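All remarks here apply to the structure that follows.
The values are calculated or read from the model by the stated rules, or taken from the named source; none is laboratory data. Since we're looking at a predicted model, the values are computed, not measured. Cβ placement follows ideal geometry from the backbone for every residue including glycine, while neighbour counts extend to all protein chains displayed. The accessibility values were calculated without ligands, DNA or RNA, using every heavy atom of the protein model including side chains. Shrake-Rupley method; radii C 1.70, N 1.55, O 1.52, S 1.80 Å.
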Amino acid sequence: MTEIKEMTYEDLINMFDSFKTGFIVIGGSWCRNFNDVMDNLLKVSNEEGLDTIYKYDPLFENIYGEKEDLRDCKSLEVKLKYYAIVEKMGFKNEEKVKDTLIARMPVPCFASLKHGICDNYYAVELFKDNNILHLKDDNTDKTIDFENNIRNLVKEVNNDILLCNYR
């Protein structure tokens, strides 16, 4: 059974800086897209024998006690933190954070991290209706595509973990 382990910003950055290997999901339960794909994510990760999913939620409480999304880059400090994640992941997207040239990361975003390097990522905003995953304005079933993309990321992580165990 796959365990979901919550991470702080510092934990996430530490995975990169200390050359860790793992499967990461960025998002939170406040996001419908995140909730809509979780059953499929857990199904695939269990089928593939993934022990742990590391979950980083970009929503945090700012110094004024308000909920803020790290991806909104409302202050210089927050902008630098978000930029560090985007750079370490090598994340690319045509949509940019307002008033910046920093790629806007949709949530959920899934990544395979191998020895501190983001080997691959998959970011898609899917909705679940009638037990199928689909894009916002397209009811074409994307469930198999989603599960195959997740399966590939999980296999990359699992293969690297197996190699490390044999060394």
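Consider Glu94 against the criteria (1) of a type in the set (D, E, K, R); (2) assigned to a helix (DSSP H, G or I); (3) open to solvent by 30 Å² or more (accessible area, probe 1.4 Å): it satisfies all of them except one. Which criterion is unmet?
Looking at each condition in turn, Glu94 falls short on (2).
Just a yes or no: is a residue in the stretch 106-117 more than 21 Å from Glu3 (Cβ to Cβ), in contact with a helix residue (DSSP H, G or I) (Cβ under 6 Å, 6 or more places away or on another chain) and of a type outside the set (Ser, Thr, Tyr)?
yes
Output the strands (runs of 3 or more DSSP E) that fall wholly within the stretch 117-164 and possess 1 or more residues being in contact with a Pro (Cβ under 7 Å, 6 or more places away or on another chain), open to solvent by less than 50 Å² (accessible area, probe 1.4 Å) and modelled with pLDDT of 95 or more, or say none.
The qualifying strands (runs of 3 or more DSSP E) are 117-123.
Counting residues that are within 30 Å of Asp141 (Cβ to Cβ), which helices (runs of 4 or more DSSP H) fully inside the stretch 1-89 reach at least 2?
It comes to 32-47.
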